[in-house]
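Visitor: Quick one: this structure, given as structure tokens, is what I'll be asking you about.
The values are calculated or read from the model by the stated rules, or taken from the named source; none is laboratory data. Here the structure is a predicted model, which means the values were calculated and not measured. No Cβ is skipped: glycine too gets one built from the backbone with ideal geometry, and neighbour counts run over all protein chains shown.
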Number of protein chains: 2
Amino acid sequence: MNILLKNIVCNGTVSDIYIEGSVIARIVTSADDPFGQIPASGVEVVDCQGKTAMPAFVNMHTHAGMSLMRGIEEDVPLKEWIDRIWEVESHIDGDFVYHATKVACLEMIKSGTVTFNDQYWFPLMARKAAVEMGLRPVISYVVLEHNNKEEAEFQKDECVRTYEESLGWKDGGIFSMAFHAIYSVSEEMMLWSAEFARKHGLKLHIHLSETEKEVRDCMAGHNGLSPVEYLDRLGILGPDVIAAHTLWLSDEDVRILGERKVNCVHNINSNTKLASGYRFRYNELRDAGANVCIGTDGCASSNNLDMLEAMKTTALFQKAWRENPKALPLYELISLATRNGADALGLDTGRLEAGMQADICIVNTDSSFFLSPGSFLSNFIYSAHSDCIDSLISMGRFVMRNRKVEGEESILRDARKELGKIM
Amino acid sequence: MNILLKNIVCNGTVSDIYIEGSVIARIVTSADDPFGQIPASGVEVVDCQGKTAMPAFVNMHTHAGMSLMRGIEEDVPLKEWIDRIWEVESHIDGDFVYHATKVACLEMIKSGTVTFNDQYWFPLMARKAAVEMGLRPVISYVVLEHNNKEEAEFQKDECVRTYEESLGWKDGGIFSMAFHAIYSVSEEMMLWSAEFARKHGLKLHIHLSETEKEVRDCMAGHNGLSPVEYLDRLGILGPDVIAAHTLWLSDEDVRILGERKVNCVHNINSNTKLASGYRFRYNELRDAGANVCIGTDGCASSNNLDMLEAMKTTALFQKAWRENPKALPLYELISLATRNGADALGLDTGRLEAGMQADICIVNTDSSFFLSPGSFLSNFIYSAHSDCIDSLISMGRFVMRNRKVEGEESILRDARKELGKIM
């Protein structure tokens, strides 16, 4: 059924938003009342008086299947953390990923995210979960073979099979290619992954320059080349690459990422909690021509999937380490969490305009947080929490109404059962 | 009416908590069922199956009356910001502070705070608002005369009058003394404030070493003494001093603050948003003997009063700038937001033990955030948001039940009217 959102603040004006199928068909000021003649049937009219529409978030780096692994290992550095995670992951199966991804989607819905760029095991099960939840997952096949030849051959075959299956995904989900990182994947498999992605027009989702150690080890092993320089020499970097972290960058690295128009995903909560670093070079990357986005990373490190929280933390760290309160102003910050992610993925979302996908947060501003002379964006990002997001529309369908998500109880119950099996 | 919380997780065990008047009378494991013989009448029995009790937060630095000023000035440094704030404040009156403090209390209740250490204009109106909301405000008379002699005499008289009135505060609220900062108050008035505080056994709430500029200016004007050294020479520092910020500290400053057992209040959201700094010397202050607490600062800078958010941001910045993921572990972090604040104020709160004030957050753990093998503290602080706090008991009385606070709508409506008058 089509939807008409009446009297909702949209781009600063009280508007009516008419949604046809999955698309925003028209946005007009409510005063003009141009929808007097909308069809009497087949349209759900929702009065949104006093509420504000915002583009749903695009979370550009997730491991949704880790939603049941938070707190497994706290207050330890990345190396110890990842070893422990890999140990736990050796025990999980497709059912676990399915239920964990359902929980992750539940949490993303409650915090206003519709599109997420995922990298995890059992991608078919992750897709199934996300599509059932009504979201738009970008699901990658992840190459990660620790330089094991046999495993490499197995992953190539499985990747091809997964890709072929993805051609039949009529009900949603976007397939992409991924390799984990330069320290966990052989050069041969990185090249194979990039070639496979380009042959089939897929995005390539990787981790890059996350820790100082990664950079140091790379320089030691590759004649002084940084991870960015190394991948660039291999011909891997380009506008189809989505590089998570890009935290430890030289000026030359920044120049390369800009020139290659790489999509750089900043994950501040994960980086700081693991003490990987915090001096993300946002201004420099933006000015060099890179497309900067925000992600949350997986729940095991960050420890949630909340893009509103990620935006505030991002702003605070940028202002703090640059010693400049004007760093990363609000209008840029919101782009990082919405349209920049959409641009990275080549999707018509992240904006409230006619012709775009109807991915809309309906924000309840009837609370202390919005009771101020500050701008909506200031109140939304700096003061409020994600529970101000009252309802969420994903591709023209309500996936949350008045904070209620269908099936929430059974999702939590089933996840508890799965956890009991592996812990 | 007395309260019996049945089957609530308390300090790691499923317990029954019996509250008599404003005090926690007994905590026993539910399995022992020692309350079989509780009086049949006069006790409200609340089944808290699946919920967890936590001490309500102690917010050690607020300007509650600024809750209606958020976003007035965004993305500017402290000096510009404070000039603009002082300009707006020249137009406010007692009614404004009353309504703004009501909003602040509403927000604090919704995020689990019972006790707050406030510093703002029209203290009698702030107290009235907070006591009506059922909270425990520490309300200071604030000296701030910009070296104006006439104003100083006026403030002395008004301070004495306010103190005398405070002796009659039977229904709640704790009176304290405050001066704003070394750069806004004359030496004579700082000394007068400290003497007045000590004569009457009051806490002394000040801002101290918030910005690098404050330290530089002080050293230039006082023969190279830092603000901490300067106040120490004046004999002002002691265990009755609550010093907000203490962000720019030399080793010698740390030593002095430790030796004098000063209560140092860290306000990370405010400090980073204004780009005042972020390298708060938590470990050093703790080791030197200072009592470190957490505050949110006023809403105009931070931009909310959420102690759960403040804890997470505090941990992320400590781990980040110290480049150590083990910095500020969870069990210390929670103390900063609860018992350390109680100790600073000399209050029997911040702990769930028999004999303590019944200031209790009832946390709903039936959500994705708590569905993990991590510890409760990890899930509470790193994953969840304050809306997991289902109900709040302040001094033995429910001030929130199932996220509902009595009078919420009229508080917001009245505040909107007040805002309309001054903006």
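Visitor: Answer yes or no as to whether A:Ile362 is closer than 27 Å to B:Leu308 by Cβ, more than 14 Å from chain B (Cβ to nearest Cβ) and aliphatic (A, V, I, L, M). Let's see the steps before the verdict.
Guide: Details: closer than 27 Å to B:Leu308 by Cβ: yes; more than 14 Å from chain B (Cβ to nearest Cβ): yes; aliphatic (A, V, I, L, M): yes.
For A:Ile362, the condition - closer than 27 Å to B:Leu308 by Cβ, more than 14 Å from chain B (Cβ to nearest Cβ) and aliphatic (A, V, I, L, M) - is met.
Visitor: Does B:Leu347 fit the bill of being within 30 Å of B:Asn7 (Cα to Cα) and out of contact with any strand residue (DSSP E or B) (no Cβ under 7 Å at 6 or more places or on another chain)? Can you show your working first?
Guide: Numbers: within 30 Å of B:Asn7 (Cα to Cα): yes; out of contact with any strand residue (DSSP E or B) (no Cβ under 7 Å at 6 or more places or on another chain): no.
Criteria not met by B:Leu347.
Visitor: What's the total number of residues in segment A:289-299 that are more than 15 Å from the chain's Cα centre (by Cα) and either touching a residue at least 60 places away in the same chain (Cβ under 8 Å) or surrounded by fewer than 22 Cβ atoms within 10 Å (Cβ to Cβ) (or both)?
Guide: First, pick out the residues of segment A:289-299 that are more than 15 Å from the chain's Cα centre (by Cα): A:289-290.
From what is left, the residues that are either touching a residue at least 60 places away in the same chain (Cβ under 8 Å) or surrounded by fewer than 22 Cβ atoms within 10 Å (Cβ to Cβ) (or both) are A:289.
Number satisfying all stated conditions: 1.
Visitor: How many residues are among the aromatic types (Phe, Trp, Tyr) and farther than 17 Å from A:His99 by Cβ if we restrict to segment B:362-378? Don't jump to the end; show me each part of the working.
Guide: Here is the first cut: in segment B:362-378, the residues among the aromatic types (Phe, Trp, Tyr) are B:369-370, B:376.
Then drop every residue that is not farther than 17 Å from A:His99 by Cβ, which leaves B:376.
Count: 1.
Visitor: Could you say which residue among B:Ala327, B:Ala275, B:Ala288 is of a type in the set (A, V, I, L, M), within 18 Å of A:Glu323 (Cβ to Cβ) and out of contact with any His (no Cβ under 8 Å at 6 or more places or on another chain)? Quick ask: steps written out before the conclusion?
Guide: On the way: B:Ala327 fails: within 18 Å of A:Glu323 (Cβ to Cβ); B:Ala288 fails: within 18 Å of A:Glu323 (Cβ to Cβ).
On inspection, the qualifying residue turns out to be B:Ala275.
Visitor: State the number of residues belonging to segment A:364-385 that are in contact with a strand residue (DSSP E or B) (Cβ under 8 Å, 6 or more places away or on another chain) and in a helix (DSSP H, G or I).
Guide: Number satisfying all stated conditions: 2.
Visitor: How many residues does segment A:173-207 hold that are farther than 15 Å from A:Gly235 by Cα and aliphatic (A, V, I, L, M)?
Guide: Residues flagged as farther than 15 Å from A:Gly235 by Cα and aliphatic (A, V, I, L, M) within segment A:173-207 amount to 6.
Visitor: Ok, one more. Restricting to segment A:300-319, name every residue that is more than 25 Å from A:Cys388 (Cβ to Cβ) and surrounded by fewer than 24 Cβ atoms within 10 Å (Cβ to Cβ).
Guide: Step one: of segment A:300-319, the residues more than 25 Å from A:Cys388 (Cβ to Cβ) are A:300-301.
If the condition is that a residue be more than 25 Å from A:Cys388 (Cβ to Cβ) and surrounded by fewer than 24 Cβ atoms within 10 Å (Cβ to Cβ), then no residue fits.
Visitor: Related question: Could you tell me which residue of segment B:63-98 is modelled with the lowest pLDDT, considering only residues that are over 23 Å from the mean Cα position of the chain (by Cα), part of a helix (DSSP H, G or I) and more than 10 Å from chain A (Cβ to nearest Cβ)?
Guide: B:Lys79
One line per residue, one yes/no per condition, for (1) under 28 Å from B:Gly238 (Cα atoms); (2) among the β-branched types (Val, Ile, Thr); (3) not in a strand (DSSP E or B):
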residue	(1), (2), (3)
B:Glu323	no, no, yes
B:Ala342	yes, no, yes
B:Arg351	yes, no, yes
B:Ile362	no, yes, no
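Visitor: Another question about this same structure. Does segment A:104-123 include one or more residues that are over 25 Å from B:Ser368 (Cβ atoms) and not in a strand (DSSP E or B)?
Guide: Just the residues of segment A:104-123 that are over 25 Å from B:Ser368 (Cβ atoms), to begin with: none.
No, segment A:104-123 contains no residue that is over 25 Å from B:Ser368 (Cβ atoms) and not in a strand (DSSP E or B).
Visitor: If the requirement is being surrounded by fewer than 23 Cβ atoms within 10 Å (Cβ to Cβ) and under 22 Å from B:Lys312 (Cβ atoms), which of these qualifies: B:Leu234, B:Leu274, B:Leu247, B:Leu285?
Guide: Being surrounded by fewer than 23 Cβ atoms within 10 Å (Cβ to Cβ) and under 22 Å from B:Lys312 (Cβ atoms) holds for just one of B:Leu234, B:Leu274, B:Leu247, B:Leu285, which is B:Leu285.
Visitor: Considering only residues that are farther than 30 Å from B:Gly298 by Cβ and in a loop (DSSP other than H, G, I, E, B), look in segment A:393-421 and name the one that is nearest to the other protein chains (Cβ to nearest Cβ).
Guide: So the first thing to find is which residues in segment A:393-421 are farther than 30 Å from B:Gly298 by Cβ, and the list is A:393-402, A:404-421.
Next, only the ones that are in a loop (DSSP other than H, G, I, E, B) stay: A:395-396, A:402, A:405-407.
Working: A:Met395: 22, A:Gly396: 25, A:Asn402: 13, A:Val405: 10, A:Glu406: 15, A:Gly407: 13 Å.
Residue satisfying both the conditions and the ranking: A:Val405.
Visitor: Residues of segment A:350-409 being of a type in the set (S, T, N, Q) and over 18 Å from A:Phe116 (Cβ atoms), which ones?
Guide: To start, the set of residues in segment A:350-409 that are of a type in the set (S, T, N, Q) comprises A:357, A:364-365, A:367-368, A:372, A:375, A:378-379, A:383, A:386, A:391, A:394, A:402.
Within segment A:350-409, A:Asn364, A:Thr365, A:Ser367, A:Ser368, A:Ser372, A:Ser375, A:Ser378, A:Asn379, A:Ser383, A:Ser391, A:Asn402 qualify.
Visitor: Quick check on this structure: which one of A:Ser335, A:Ser270, A:Ser367, A:Ser386 is without any contact (Cβ under 8 Å) to a residue 40 or more places away in the chain and within 25 Å of A:Leu4 (Cα to Cα)?
Guide: One residue alone meets the criteria, A:Ser367.
Visitor: Sort out for me the strands (runs of 3 or more DSSP E) sitting completely within segment B:201-298 that have 1 or more residues that are in contact with a Leu (Cβ under 6 Å, 6 or more places away or on another chain).
Guide: Numbers: elements: B:204-208, B:241-245, B:263-266, B:291-294.
Strands (runs of 3 or more DSSP E) meeting the threshold: B:241-245, B:263-266, B:291-294.
Visitor: Now for a separate question. Taking segment B:303-319 as the search range and keeping residues that are under 17 Å from the mean Cα position of the chain (by Cα) and facing chain A (nearest Cβ under 7 Å), which one is modelled with the lowest pLDDT? Even if it seems obvious, please write down each step before you answer.
Guide: We begin by selecting, within segment B:303-319, every residue under 17 Å from the mean Cα position of the chain (by Cα); these are B:303-314.
This time we only want the ones that are facing chain A (nearest Cβ under 7 Å), so: B:303-304, B:313.
Details: B:Asn303: 93, B:Asn304: 96, B:Thr313: 98.
This residue is B:Asn303.
Visitor: Right, another one. Can you tell me which residue is nearest to the other protein chains (Cβ to nearest Cβ) among those in segment A:275-302 that are under 15 Å from B:Ser383 (Cβ atoms) and not small (Gly, Ala, Ser)? Spell out the reasoning first.
Guide: Step one: filter segment A:275-302 for residues under 15 Å from B:Ser383 (Cβ atoms), giving A:296-302.
Pick out the ones that are also not small (Gly, Ala, Ser) and you get A:296-297, A:299.
Values: A:Thr296: 11, A:Asp297: 13, A:Cys299: 7 Å.
Applying the filter and picking the extreme gives A:Cys299.
Visitor: Among (1) surrounded by fewer than 24 Cβ atoms within 10 Å (Cβ to Cβ); (2) in contact with a strand residue (DSSP E or B) (Cβ under 8 Å, 6 or more places away or on another chain); (3) under 27 Å from B:Arg279 (Cα atoms), there is one condition A:Ala354 misses while meeting the rest; what is its number?
Guide: Result: A:Ala354 passes all but (3).
Visitor: While we're on this one: Is it the case that some residue within segment B:31-43 is closer than 30 Å to B:Asn267 by Cα, modelled with pLDDT under 85 and of a type in the set (Asp, Glu)?
Guide: We begin by selecting, within segment B:31-43, every residue closer than 30 Å to B:Asn267 by Cα; these are none.
Within segment B:31-43, not a single residue is closer than 30 Å to B:Asn267 by Cα, modelled with pLDDT under 85 and of a type in the set (Asp, Glu).
Visitor: For segment B:155-208, how many residues are free of Cβ contacts under 8 Å to residues at least 40 places away in the same chain, charged (D, E, K, R) and surrounded by 16 or more Cβ atoms within 10 Å (Cβ to Cβ)?
Guide: 1
Visitor: Here's something else I'd like to know. Look at B:Gly258 and say whether it is of a type in the set (Gly, Ala, Ser), closer than 30 Å to B:Glu323 by Cα and within 14 Å of chain A (Cβ to nearest Cβ). Show your work before the answer.
Guide: Details: of a type in the set (Gly, Ala, Ser): yes; closer than 30 Å to B:Glu323 by Cα: yes; within 14 Å of chain A (Cβ to nearest Cβ): no.
So B:Gly258 fails the test.
Visitor: Could you list, ordered by first residue, the pairs with Cβ atoms under 6 Å in which the first is in segment B:61-81 and without any contact (Cβ under 8 Å) to a residue 60 or more places away in the chain and the second is in a loop (DSSP other than H, G, I, E, B) and surrounded by fewer than 20 Cβ atoms within 10 Å (Cβ to Cβ), at least 6 apart or interchain?
Guide: Listed by first residue and then by second, the contacts come to B:Asp75/A:Lys326; B:Asp75/A:Pro329.
Visitor: Hey, another quick one. Residues being in contact with a helix residue (DSSP H, G or I) (Cβ under 6 Å, 6 or more places away or on another chain), under 16 Å from A:Glu89 (Cβ atoms) and not hydrophobic (A, V, I, L, M, F, W, C): count how many of those fall in segment A:142-196.
Guide: The number of residues fulfilling the criteria is 1.
Visitor: Where residues in segment A:365-392 are within 15 Å of A:Gly12 (Cα to Cα) and more than 7 Å from every other protein chain (Cβ to nearest Cβ), which of them is surrounded by the most Cβ atoms within 10 Å (Cβ to Cβ)? Walk me through it before giving the result.
Guide: Of segment A:365-392, the ones within 15 Å of A:Gly12 (Cα to Cα) are A:365, A:370, A:373-380.
Those still in the list that are more than 7 Å from every other protein chain (Cβ to nearest Cβ) too: A:365, A:370, A:376-377, A:380.
Working: A:Thr365: 17, A:Phe370: 22, A:Phe376: 17, A:Leu377: 17, A:Phe380: 26.
Out of the qualifying residues, it is A:Phe380.
Visitor: Any chance segment B:320-343 includes a residue that's among the acidic types (Asp, Glu), surrounded by 24 or more Cβ atoms within 10 Å (Cβ to Cβ), away from chain A (no Cβ under 12 Å) and within 19 Å of the chain's Cα centre (by Cα)? So that I can check it myself, show each step before the final result.
Guide: Initially, segment B:320-343 is screened for residues among the acidic types (Asp, Glu), giving B:323, B:332, B:343.
Retained after the next criterion (residues that are surrounded by 24 or more Cβ atoms within 10 Å (Cβ to Cβ)): none.
Scanning segment B:320-343 turns up no residue that is among the acidic types (Asp, Glu), surrounded by 24 or more Cβ atoms within 10 Å (Cβ to Cβ), away from chain A (no Cβ under 12 Å) and within 19 Å of the chain's Cα centre (by Cα).
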